[in-house]
Each structure stands twice: as structure tokens, then as C-alpha cells.
Amino acid sequence: MRPHVIIRYIGLVLLFNSAFIFVSFLISLYNRDAGQLPLLFSFLLTVLWGLFPLVFVPKATNLSNKEGYLVVVLSWILSCFIGSLPLLLYGGEFTFTKALFESVSGYTTTGASILSNVEA
């Protein structure tokens with residue numbers, strides 16, 4: 001198993017994830033709501049984490065099956081943690097556990113939520 005290959009691919013996944021955070025930031029900016037700064041900070045942090053492996057880790061070659069499985073598992077886990085960042089930075093009723101639950105629920109599209117009055 002080649003860790004540099006795995007890290008480089010995870011960097012690409014983080015950059016992909018940061019693009020969606022940026023879209024959320026633009027929507028928040030358009031609506032002038034309170035989520036602008038947490039989303040911007042989360043976007044910048046995710047971009048930095050995603051660019052680091054692409055700049056400092058040697059270029060990756062082909063991915064083996066084992067490495068591919070590990071990239072997928074780590075991508076899901078990291079995406080859920082990254083997705084909880086804006087909620088944690090926003091504060092309010094979001095503890096780490098609640099923010100992570102909301103993020104996992106969103107990524108897996110289960111529809112479960114700790115929030116009341118979601119449709120309102």
C-alpha cells in the first residue's frame with residue numbers, strides 16, 4: 001500500500017468537496033444570512049487541506065483495489081467531518097456530536113435530523 005497515492009487522491013476529494021461548500025457560501029452570501037463566515041472559513045480550510053497533498057505529495061500513478069477501497073472509506077469519513085465544520089463554527093445548538101450527525105445524515109440522505117421545524 002502506498003500512502004502517498006492515497007493522500008493525493010484524498011486531496012482531490014477534499015477539493016471536490018470544497019466546491020460544494022463554496023456554492024453554499026455563494027447562496028448564503030446572496031441571501032445575506034448568518035452562515036457566511038462559517039461557510040467561508042470551512043471552504044478555505046478545506047481548500048488548503050485539499051491543495052496540500054497536490055502540491056507536496058508526489059504525483060500518483062494507478063490505484064490498486066486496496067488503495068481504492070481505502071480512499072473511498074476515508075473520503076466518506078473526511079467528507080462527513082468537513083461537512084460538520086460550518087455547523088460547528090456557526091455555533092448555537094450544535095455540539096460536535098449533533099453537527100456530525102447532521103452532516104452524516106446529509107451525506108447519506110437518510111433524512112434524519114436533530115433540528116425541529118426543518119420544513120418551516
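The values are calculated or read from the model by the stated rules, or taken from the named source; none is laboratory data. Quick caveat, the model's predicted, so the values are computed rather than measured. Counting neighbours? That spans all protein chains shown, and the Cβs are built from the backbone with ideal geometry, glycine included.
Below, the figures for the structure above:
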quantity: First in segment 55-80 and under 9 Å from residue 9 (Cβ atoms), second anywhere and exposed (fewer than 11 other Cβ atoms within 10 Å of the Cβ), Cβ under 7 Å, 6 or more apart; calculated: 67/1
quantity: Leading residue by the ranking (modelled with the lowest pLDDT) among those in segment 37-62 that are of a type outside the set (A, V, I, L, M, F, W, C) and more than 25 Å from residue 108 (Cα to Cα); calculated: 61
quantity: Those residues of segment 64-88 which are under 17 Å from residue 20 (Cα atoms), touching a helix residue (DSSP H, G or I) at 6+ places or on another chain (Cβ under 8 Å) and not hydroxyl-bearing (Ser, Thr, Tyr), in sequence order; calculated: 76, 78, 80, 81, 82, 83, 85, 86, 87
quantity: Selection from segment 63-86 of residues that are at pLDDT 90 or above and hydrophobic (A, V, I, L, M, F, W, C); calculated: 70, 71, 72, 73, 74, 76, 77, 78, 80, 81, 82, 85
quantity: Test for residue 39: is it in a helix (DSSP H, G or I) and surrounded by fewer than 18 Cβ atoms within 10 Å (Cβ to Cβ); calculated: no
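Let's see how each residue does on (1) surrounded by fewer than 18 Cβ atoms within 10 Å (Cβ to Cβ); (2) more than 19 Å from residue 5 (Cβ to Cβ); (3) among the basic types (Lys, Arg):
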{"position": "31", "(1), (2), (3)": "yes, yes, no"}
{"position": "45", "(1), (2), (3)": "yes, yes, no"}
{"position": "52", "(1), (2), (3)": "yes, no, no"}
{"position": "62", "(1), (2), (3)": "yes, no, no"}
{"position": "74", "(1), (2), (3)": "yes, no, no"}
{"position": "77", "(1), (2), (3)": "yes, no, no"}
{"position": "81", "(1), (2), (3)": "yes, yes, no"}
{"position": "86", "(1), (2), (3)": "no, yes, no"}
